[in-house]
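J.: Would you mind keeping the following structure in view while I ask a few things?
The values are calculated or read from the model by the stated rules, or taken from the named source; none is laboratory data. Predicted model, so just to flag it, every value in this text is computed and none were measured. Don't worry about glycine lacking a Cβ; one is built from the backbone with ideal geometry, like all the others, and counts go over all protein chains shown. Note: accessible area is taken over every heavy atom of the protein model, side chains too, but ligands, DNA and RNA are not part of it. Shrake-Rupley method; radii C 1.70, N 1.55, O 1.52, S 1.80 Å.
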Amino acid sequence: MNKITNHMPTAELQALDAAHHMHPFTANTALGKKGARIMTQGKGVWLTDSEGHKIIDGMAGLWCVNIGYGRPELGEVAKRQMDELAYYNTFFQTSHVPAIALAAKIAEIAPEGMNHVFFAGSGSEANDTNIRLVRRYWDIKGQPEKRIIIARTNGYHGSTIGGGSLGGMSGIHAHGGKLAGIVHIGEPNWWEQGGEMTPEDFGLMRAQELEKMILSLGVENVAAFIGEPVQGAGGVIIPPSTYWPEIQRIVDKYGILLIADEVITGFGRTGNWFGSQTFGIRPHIMTIAKGLSSGYQPIGGSIVCDEVAGVIGSDEFNHGYTYSGHPVAAAVALENLRIMQEEKIVEHVRDVAHPYLKAKWEALTEHPLVGEAKLVGLMGSIALTPNKATRAKFAAETGTVGYRCRERCFANDLIMRHVGDRMIIAPPLVITPAEIDVLIERARKSLDECYAGLKADGLLVARG
Ligand code: PXG
């Protein structure tokens, strides 16, 4: 077969893609008929596709390309590491320099007392690790019946059977089932579910579901609670200010373990190194992936606090992956963190990009389709609605309007995703004010076109 290059005609690439490539979270037959959009290059916040469109990437790939595309340093480090030691494992009493250096660097930037890292290849794998870590912890402590993990509806923790079970997405559970011993409480999604309550009261109420669940299960059966500081794949649901302090109070009171899934919120996304710092959360374990390497290499892991690591380390932990701490991935992640530190990218998010985007993002609520606009650091969402005053849903099936809006964004060379009828962004952290202007201009244009289309098709109707 010929080498598949960037220069092959798009239709040929699409035909090969349709014939052989099974895409994640996709109805592949339908995509095969339509043809996938084929990306060929990336630089900074910009992508180029096989048709030569210059697209602004409002999603940093899949929430991961924090330092932006096309940084040559990472490739250089990868090559050097491949030449020197392409692979070795970290089982059987061996280690290597990249894994050692990366673990030490992560411990340096992680919150106090979180000094240990168990590496995985992805966020899903890391959350599978976490299920085993927390259960093993209680086994060693002589409380093996503490096995249940409490998670949240509409949370996302990956799509392995473990990660998918921790996640609270029924569509994922429906495809292949869900592990026993994982239960879900409600999400702090005030816009959709808060009714007449204030956001603060609603946040408290949702957090208190954790206490009710612990009491109904019996604290002697509960191992841990897991949550994303901000739900990402669930639609960038930024919780009311009351939510995390109340969760923390309950976790402390009952002495269960707290896992903060920082796969999206880690490494600068919320304007601090970790979302837990932004929201004042004190986790025992943090799940990491994505921004750890800015997506340049697949790598994830669990940052584990001293107490849990001490207990786990007191005996054998029968767990690990061939690629735990892969030297090339670790070396690239380390270089990514060096760039983030030296170029003060977290400070850029906090002091420059966030304040600049926030004003423009919140001003989108002036648009007739936009009910609320929320932003923390550089992750944001807007709720599309036919009636802002009542926070109404559209009469059309949920997601219809969001999908139409996303299609307009696509047509306008902006990647802005939809989750149901929310539009979400999480651009590379290096985005400049001038690039934010482009993003907002394209978002407004897309919203205008979406609105006109809905009007023309009689879809600006609230659900009865
Ligand atoms: N936890 C969180 C909070 C995530 O966002 C994972 C775990 C799993 O990571 P891996 O590396 O196994 O994919 C994620 C991943 C979306 C989307 O549609 C989000 C993710 C993955 C795929 C799609 O927003 N997040």
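J.: Here are some conditions: (1) within 14 Å of the ligand (Cβ to nearest atom); (2) under 30 Å from PRO433 (Cβ atoms). GLY377 meets all but one. Which one does it not meet?
T.: (1)
J.: Can you tell me how many residues in region 115-158 are in contact (Cβ under 8 Å) with a residue 24 or more places away in the chain, over 15 Å from the mean Cα position of the chain (by Cα) and open to solvent by 30 Å² or more (accessible area, probe 1.4 Å)?
T.: Qualifying residue count for the region: 15.
J.: Taking the options GLU347, GLU316, GLU366, GLU362, name whichever one is touching a strand residue (DSSP E or B) at 6+ places or on another chain (Cβ under 7 Å) and free of Cβ contacts under 8 Å to residues at least 24 places away in the same chain. Step through it out loud before you land on a result.
T.: On the way: GLU347 fails: touching a strand residue (DSSP E or B) at 6+ places or on another chain (Cβ under 7 Å); GLU316 fails: touching a strand residue (DSSP E or B) at 6+ places or on another chain (Cβ under 7 Å); GLU366 fails: touching a strand residue (DSSP E or B) at 6+ places or on another chain (Cβ under 7 Å).
After applying the criteria, what remains is GLU362.
J.: When you check ALA452 against the structure, is it surrounded by fewer than 19 Cβ atoms within 10 Å (Cβ to Cβ), at pLDDT below 95 and away from the ligand (no atom under 16 Å from the Cβ), yes or no?
T.: On the way: surrounded by fewer than 19 Cβ atoms within 10 Å (Cβ to Cβ): yes; at pLDDT below 95: no; away from the ligand (no atom under 16 Å from the Cβ): yes.
No, not satisfied.
J.: Of the residues in region 320-338, how many are over 21 Å from the mean Cα position of the chain (by Cα) and of a type in the set (Val, Ile, Thr)?
T.: 2
J.: Which condition breaks for CYS405 when tested against (1) more than 20 Å from the chain's Cα centre (by Cα); (2) open to solvent by less than 10 Å² (accessible area, probe 1.4 Å); (3) within 21 Å of GLY68 (Cα to Cα)?
T.: (3)
J.: Could you go through region 325-344 and let me know if any residue there is of a type in the set (Asp, Glu) and surrounded by 17 or more Cβ atoms within 10 Å (Cβ to Cβ).
T.: From region 325-344, those of a type in the set (Asp, Glu) are 335, 342-343; that's our starting set.
Subsequent filtering for residues that are surrounded by 17 or more Cβ atoms within 10 Å (Cβ to Cβ) retains 335.
There is at least one residue in region 325-344 that is of a type in the set (Asp, Glu) and surrounded by 17 or more Cβ atoms within 10 Å (Cβ to Cβ).
J.: Name the single residue, out of those in region 138-149 being within 14 Å of VAL222 (Cα to Cα) and in a helix (DSSP H, G or I), that is farthest from the ligand (Cβ to nearest atom). So that I can check it myself, show each step before the final result.
T.: Within region 138-149, the first condition is being within 14 Å of VAL222 (Cα to Cα), and the residues that meet it are 138-139, 141-149.
Now narrow it down to the ones that are in a helix (DSSP H, G or I): 138-139.
Working: TRP138: 23, ASP139: 24 Å.
Top of the filtered list is ASP139.
J.: So which pairs qualify, if the first residue must be in region 445-464 and without any contact (Cβ under 8 Å) to a residue 60 or more places away in the chain, the second must be of a type in the set (S, T, N, Q), the Cβ gap must be under 7 Å, and the two must be at least 6 apart or on different chains?
T.: Partner pairs satisfying both residue conditions: LYS445/ASN412; SER446/ASN412.
J.: Looking at region 226-244, which of its residues are in contact with a Lys or Arg (Cβ under 6 Å, 6 or more places away or on another chain) and either of a type in the set (S, T, N, Q) or open to solvent by 10 Å² or more (accessible area, probe 1.4 Å) (or both)? Break it down stepwise before answering.
T.: Step one: list which residues in region 226-244 are in contact with a Lys or Arg (Cβ under 6 Å, 6 or more places away or on another chain), which gives 227, 235, 238.
Residue satisfying the conditions is ILE238 alone.
J.: Could you tell me whether any residue of region 28-44 is on the phi < 0 side of the Ramachandran plot, away from the ligand (no atom under 16 Å from the Cβ), surrounded by fewer than 12 Cβ atoms within 10 Å (Cβ to Cβ) and among the β-branched types (Val, Ile, Thr)?
T.: So far as region 28-44 goes, yes, one or more of its residues are on the phi < 0 side of the Ramachandran plot, away from the ligand (no atom under 16 Å from the Cβ), surrounded by fewer than 12 Cβ atoms within 10 Å (Cβ to Cβ) and among the β-branched types (Val, Ile, Thr).
J.: Quick one: would you say HIS23 is within 16 Å of the ligand (Cβ to nearest atom) and open to solvent by 40 Å² or more (accessible area, probe 1.4 Å)?
T.: Details: within 16 Å of the ligand (Cβ to nearest atom): yes; open to solvent by 40 Å² or more (accessible area, probe 1.4 Å): yes.
Here the answer is yes, as HIS23 does meet what is asked.
J.: I'd like the residue in region 58-101 that is small (Gly, Ala, Ser) and within 16 Å of the ligand (Cβ to nearest atom) and, out of all such residues, is surrounded by the most Cβ atoms within 10 Å (Cβ to Cβ). Can you show your working first?
T.: Initial filter on region 58-101 (small (Gly, Ala, Ser)): 58, 60-61, 68, 70, 75, 78, 86, 95, 99, 101.
Okay, now just the ones that are also within 16 Å of the ligand (Cβ to nearest atom), so 58, 60-61.
Numbers: GLY58: 23, ALA60: 29, GLY61: 18.
Residue satisfying both the conditions and the ranking: ALA60.
J.: Out of all the residues in region 373-392, which are touching a residue at least 60 places away in the same chain (Cβ under 8 Å), open to solvent by 30 Å² or more (accessible area, probe 1.4 Å) and at negative phi?
T.: Correct list: LYS374, PRO386, ASN387, THR390.
J.: Return the residues of region 166-181 that are among the hydrophobic types (A, V, I, L, M, F, W, C), surrounded by 10 or more Cβ atoms within 10 Å (Cβ to Cβ) and farther than 18 Å from THR129 by Cβ; say none if nothing qualifies.
T.: Passing the criteria: MET169, ILE172.
J.: Something else: Report yes if GLU125 is in a helix (DSSP H, G or I) and within 16 Å of the ligand (Cβ to nearest atom), otherwise no.
T.: Yes: the conditions hold for GLU125.
J.: Go through region 354-464 and tell me which strands (runs of 3 or more DSSP E), entirely inside it, have 1 or more residues that are among the polar types (S, T, N, Q). Even if it seems obvious, please write down each step before you answer.
T.: Values: elements: 370-376, 379-384, 417-419, 422-425.
Output list reads 379-384.
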